[in-house]
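Throughout, read-outs are computed from the coordinates displayed, never taken from laboratory work. Computed from a prediction, not measured in an experiment: that's the story for all the values here. Ideal geometry is used to build each Cβ from the backbone, glycine not excepted, and the neighbour counts take in all protein chains shown.
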Amino acid sequence: MKRMLRSKTCKVQGFTLVELTVAMFVLMVGILGGMMMVIIGVSRDNSNRVDTTATNVAQSVLEQISGAPTNSNPLLVMTDCVQTDPTTSTLKINTAPGGATLSSNGDVNFSADSPATLNGKQYQINFTVCGNNGLQTTYDVRWHIDLVGAGGWGKLVTVSALQPFVNNQTGIGQIRPVTLRTIVSM
């Protein structure tokens with residue numbers, strides 16, 4: 001009798017096949033969710049890097065235009081990591097009013113015109129940024145200049161930079177153009 005009582009209380013049962021399948025499914029969903037978070041994080045890291053560099057490029061062009069006198073429209077020359085000599089650089093910045101087509105929200109419309117020209121004047125450059133191990137990234141930079149105030153006492157400068165290979169990209173890693181604006185006055 002004691003032996004029979006002891007076997008009933010010590011009876012150990014394992015997992016059933018259904019319980020094991022459900023546990024594996026829950027574990028798989030958790031691992032796949034974690035992997036998706038890593039993939040999205042890496043994608044966002046790249047888009048943030050491109051976005052920051054585009055902002056720096058647009059800021060450089062904006063500062064060049066802002067540094068020019070507002071009562072004149074000089075043609076400025078920039079250098080990048082490829083064209084380092086100002087005397088031979090083809091990166092010309094036109095500071096005359098006009099420029100790239102703007103969309104309804106005031107941003108440069110990259111699909112409207114390529115390259116951005118007005119009356120034969122160039123309002124677009126391809127600015128190259130050099131990175132590690134010889135990696136080069138070229139940004140399409142376009143700008144628009146409007147006169148503001150009575151008598152044109154100042155200029156509203158809008159500069160946008162876009163990495164050309166992401167122009168038509170959609171999905172998780174979409175990278176939009178960076179647009180900067182400032183008013184320059186006398």
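Descriptive notes on the structure:
- Virtual paramagnetic centre 7 Å along Cα→Cβ of T90, amide N under 12 Å, in the range 145-164: none
- Inter-label distance, nm, simple model (7 Å from Cα along the C-beta direction), I39/T138: 3.1
- Cα centre as origin, Lys/Arg/Asp/Glu Cβ charges: the range 21-185 dipole, Debye: 140
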